[in-house]
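Quick notes on the structure that follows.
The values are calculated or read from the model by the stated rules, or taken from the named source; none is laboratory data. Nothing here was measured: the structure is a model prediction, and the numbers come from that model. Positions of Cβ are backbone-derived with ideal geometry, glycine not excepted, and every protein chain shown enters the neighbour counts. Please note that ligands, DNA and RNA were not included when accessible areas were found on the heavy atoms of the full protein model with its side chains. Shrake-Rupley method; radii C 1.70, N 1.55, O 1.52, S 1.80 Å.
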Amino acid sequence: MVICGPVTLANIADIRTRFEQTEATAPADLSAVTRLDTAGAWLLASSGRPILGATDAQSLLLAAVRDALPPDVKAAPRKVHHRMADPLAGVGIAVGAHFAAVAQGLGFVGIVVARLAGLLVRPWRLRLTSVVHHMQQVGLNAVPIVALMGFLIGIVLAFQGAAQLRQFGAEVFVVDLIAVSILRELGVLLTAIIVAGRSASAFTAAIGSMKMREEIDAIRVLGLDPIELLVLPRLLALVIVLPILGFVADLSGLFGGGLMAWTELGISPSQFRTRLLADVGVAQALVGLSKAPVFAAIIALVGCYHGLQVKGDAESLGMRTSRAVVTAIFLVIVTDALFSVFFAVWGV
Amino acid sequence: MVAETVIAIRGLTNRFGKTVVHENLSLDVHRGEVLGVVGASGSGKSVLLRSIVGLMAPSAGQITMLGTDVLGASAADRAAVSVRTGVMFQDGALFSALTVRENVEAPMRERLSVDAVTRRALADLRIAMVGLPARAGDLFPSALSGGMRKRAGLARALSLDPEILFLDEPTAGLDPISASAFDTLLNSLRTSLGLTVFLVTHDLDTLQATCDRIAVLADRRVLATGTMAEMRDVDDAWVRSYFNGPRAHAALAVAGSS
């Protein structure tokens, strides 16, 4: 049979149909072929027909393709066929993986604590510049968003509280409502959640991309310790700045609440202040802020841990980053609940 | 013989802030030739490649590729040109979520309607042609060595049977055997497919073994073009030390004896 025109990827289907219409052993005459690409050569070579009238370049290509013609490889399927017991097995695998991850995470906490203890013995090994840098990144740069968040929460609480308390003429208790809920719970908790979203992800992404580019290995080869170099500065920085951020949120929350109480309920700033000092007291604020270092440690550890778990590909970086944020926020809320139980039992 | 010009660069200027990488650079690439682009680190070889394939908008100048003014063309025209070119990035730049075979299939899947069986067979053929073992098709890029990633990247670049192939440091980081196998592969592909190759490299052996012409980038422009032999007569300190250094002599000696 004589083939005319181009034999390329674009018209490979037409050529194949023509092949099927003629005898399987009939020689293919290429003298009228204008363009031959690898796809076309593959079709000719794999058809097993004798080739006639090929130019030098075409025979070269055909020979190259024939050499490379792979033994019939069977592509491994991406997904195995689903069987009845798969969900059950999936549950088992998930539980096992979960416990393994918890154990690994605890191991990581252990290493960090050991390195921290080492730092107590040799405090000069602390990377002070790095700590200050991270304090700026996670602390100072987060002040605007945290302050705005606190201010808005104060407004919302005052507004909603006022609407309820007005029903039985107890408007003035809105001060207690705002102060206790912000100082004791919301100020620090919401700050921790914002910081978890902001900084846990940043830690994971930064350490994870260093892991991908073998920087962590380079640190190890230099005889340095990645935990000491990367994790401890971030941990210490966050433990130092999160209480401060919580304090900022407390202040702006009280300010927002006070502003709303003044405009909505006519509680003057001096009245607000008197009630605040008489009824609430500094203890509430201290109870709230005492949780901040614990939240900070959780966020930093989760962020750094997931960063170090990143594997070589971009997908695992994304997966670890989102998992770090979810885990950090979840653990912060769980810990906050435990604190509540603890404080209730001890009557604080 | 006047060969058809497939890439014409005129007055190209690239500026990053105050750093001028290219200034009024002009270069022609002819059909069917292998053009090697050399230059010191930071002389803008990769920037030039990125400007041509449209990953970077140059500060000024004109680039015509396969008859289309790529800088002024509409998105559709640019896409039509890019189907006729293939780019192999320095580290392969494989899609990490896809297996090697799926990576090679990806351009065919996205740009042409080819049935799945043919696509798979062609992907396997390309994988074999670039010298990868057959089982490599099922592996994910993260499981490949650096050399295998480069080969897989080449297989993907060849996937659409391009007319122009851009290679960014194809032999860097390969062992000498793989590197010379790569040179042979490039030569055979180029003769059989009539491929035009734009090759950015530092490898003197590759330059000697594959390139018809060499363009030297220095002082923000193309300092000289010509064959390997002509390069030795260029009156410039950098070109002289590049092409007359001990490594160049070794490359030429090997070429002469074979």
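Some values worked out for this structure:
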| item | result |
| --- | --- |
| Count of the stretch B:51-76 residues which are without any contact (Cβ under 8 Å) to a residue 24 or more places away in the chain, assigned by TED's automatic domain parsing to the domain that holds B:Leu199 and crowded, with 18+ Cβ neighbours inside 10 Å | 0 |
| Strands (runs of 3 or more DSSP E) completely within the stretch B:18-70 that count 2 or more residues being over 24 Å from B:Thr210 (Cα atoms) and touching a Leu at 6+ places or on another chain (Cβ under 9 Å) | B:19-30, B:60-65 |
| Residues of the stretch A:1-32 satisfying the condition of being loosely packed, with under 12 Cβ neighbours inside 10 Å, within 14 Å of another protein chain (Cβ to nearest Cβ) and of a type in the set (S, T, N, Q) | A:Thr17 |
| Tally of residues being under 18 Å from A:Phe159 (Cα atoms) and acidic (Asp, Glu) across the stretch A:259-285 | 1 |
| B:Gly42 vs. criteria outside the structural domain of B:Asp138 (by TED's automatic domain parsing) and either open to solvent by 60 Å² or more (accessible area, probe 1.4 Å) or not small (Gly, Ala, Ser) (or both) | yes |
| Checklist (1) open to solvent by 50 Å² or more (accessible area, probe 1.4 Å); (2) facing another protein chain (nearest Cβ under 9 Å); (3) within 20 Å of B:Ser96 (Cβ to Cβ) applied to B:Arg126, failing item | (1) |
| B:Asn187 vs. criteria open to solvent by 30 Å² or more (accessible area, probe 1.4 Å), closer than 25 Å to B:Val53 by Cα and in contact (Cβ under 8 Å) with a residue 12 or more places away in the chain | yes |
| Cβ pairs under 6 Å, 6+ apart, first in the stretch A:311-330 and facing chain B (nearest Cβ under 10 Å), second surrounded by fewer than 18 Cβ atoms within 10 Å (Cβ to Cβ) | A:Gly312/B:Ser142; A:Asp313/B:Ser96; A:Asp313/B:Ser142; A:Ala314/B:Ser96; A:Glu315/B:Ser96; A:Glu315/B:Ala97 |
| Selected residue (only one of A:Ser181, A:Ser209 is closer than 29 Å to B:Ser142 by Cα, modelled with pLDDT of 90 or more and of a type in the set (Ser, Thr, Tyr)) | A:Ser209 |
| Any hit, the stretch A:296-312, residues being of a type in the set (S, T, N, Q) and within 19 Å of the chain's Cα centre (by Cα) | yes |
| Residues located in the stretch B:190-203, provided they are away from chain A (no Cβ under 12 Å) and either surrounded by fewer than 21 Cβ atoms within 10 Å (Cβ to Cβ) or at pLDDT below 85 (or both) | B:His202, B:Asp203 |
| Hey, A:Leu276 open to solvent by 30 Å² or more (accessible area, probe 1.4 Å) and at pLDDT 95 or above or not | no |
| Considering residues of the stretch A:110-128 that are within 26 Å of the chain's Cα centre (by Cα) and β-branched (Val, Ile, Thr) only, the residue least open to solvent (accessible area, probe 1.4 Å) | A:Val112 |
| Of all residues making up the stretch B:190-224, the number that are over 13 Å from the mean Cα position of the chain (by Cα) and either closer than 24 Å to A:Leu36 by Cβ or not assigned by TED's automatic domain parsing to the domain that holds B:Tyr242 (or both) | 5 |
| Some residue of the stretch A:237-257 being closer than 17 Å to A:Asp176 by Cβ, more than 14 Å from chain B (Cβ to nearest Cβ), among the small types (Gly, Ala, Ser) and more than 30 Å from the chain's Cα centre (by Cα) | yes |
| Qualifying residue in the stretch B:81-101 (condition: in a helix (DSSP H, G or I), without any contact (Cβ under 8 Å) to a residue 60 or more places away in the chain, within 14 Å of another protein chain (Cβ to nearest Cβ) and open to solvent by less than 50 Å² (accessible area, probe 1.4 Å)) | yes |
| Helices (runs of 4 or more DSSP H) (entirely within the stretch B:158-258) containing at least 2 residues that are under 20 Å from B:Ala128 (Cβ atoms) | B:176-193 |
| Residues of the stretch A:47-59 satisfying the condition of being at the interface with another protein chain (Cβ under 8 Å from one of its Cβ atoms) and either open to solvent by 80 Å² or more (accessible area, probe 1.4 Å) or modelled with pLDDT under 80 (or both) | A:Ala57 |
| From the options A:Val138, A:Val143, residue that is surrounded by 14 or more Cβ atoms within 10 Å (Cβ to Cβ), at pLDDT 95 or above and of a type in the set (Val, Ile, Thr) | A:Val143 |
| The stretch A:146-178 - residue that is of a type in the set (Val, Ile, Thr) and open to solvent by 40 Å² or more (accessible area, probe 1.4 Å) and, of those, modelled with the lowest pLDDT | A:Val172 |
| Long-range neighbours under 9 Å by Cβ, at least six apart or interchain, first residue assigned by TED's automatic domain parsing to the domain that holds A:Arg234 and closer than 18 Å to A:Ala292 by Cβ within the stretch A:126-140, second open to solvent by less than 30 Å² (accessible area, probe 1.4 Å) and not in a helix (DSSP H, G or I) | none |
| Subset of the stretch B:136-157 (residues that are assigned to a loop (DSSP other than H, G, I, E, B) and modelled with pLDDT under 85) | B:Ser145 |
